[in-house]
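What follows is a set of notes on a single structure, which appears directly below.
Any read-out appearing in this document is the output of simple, stated calculations on the displayed coordinates, not a laboratory observation. Given the structure is predicted, the values throughout are model-derived calculations rather than measurements. Glycine also receives a Cβ, built like all others from the backbone with ideal geometry; neighbour counts cover every protein chain displayed.
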Amino acid sequence: MKNTNTDEIYINYPPFVNLNHFNIFDKFDFIQGKDIIDNDLYYNKPKDIYSLLNKALEDENCVAVNTLGFYKKEISELKSSPYFSYNDGIYIKKKL
């Protein structure tokens, strides 16, 4: 849709689209196949990768989250996890 007053172009997104999803991966470093063993804050089964990462960003006590849904309070040695499949790993928040 075009706004004739300012000549700016507006895109109509469906109501379920969260525009924060488009750049959320820039806020993390992903290490495939590795995990921070222990140092768990809590577990929250992820419904999708976007909700997993958004929850991590919203929690100031969280420094990382793995793809299984374990939110981490501290970064320690990264190790392989026997619970991970090929695409699993840890997302570590970048300091911005």
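General observations
- Scanning segment 61-96 for residues that are under 21 Å from N23 (Cβ atoms), part of a loop (DSSP other than H, G, I, E, B), hydrophobic (A, V, I, L, M, F, W, C) and touching a residue at least 40 places away in the same chain (Cβ under 8 Å) gives a single hit, L96.
- Matching option when the condition is closer than 19 Å to D26 by Cα and exposed (fewer than 12 other Cβ atoms within 10 Å of the Cβ), among K47, K55, K95: K95
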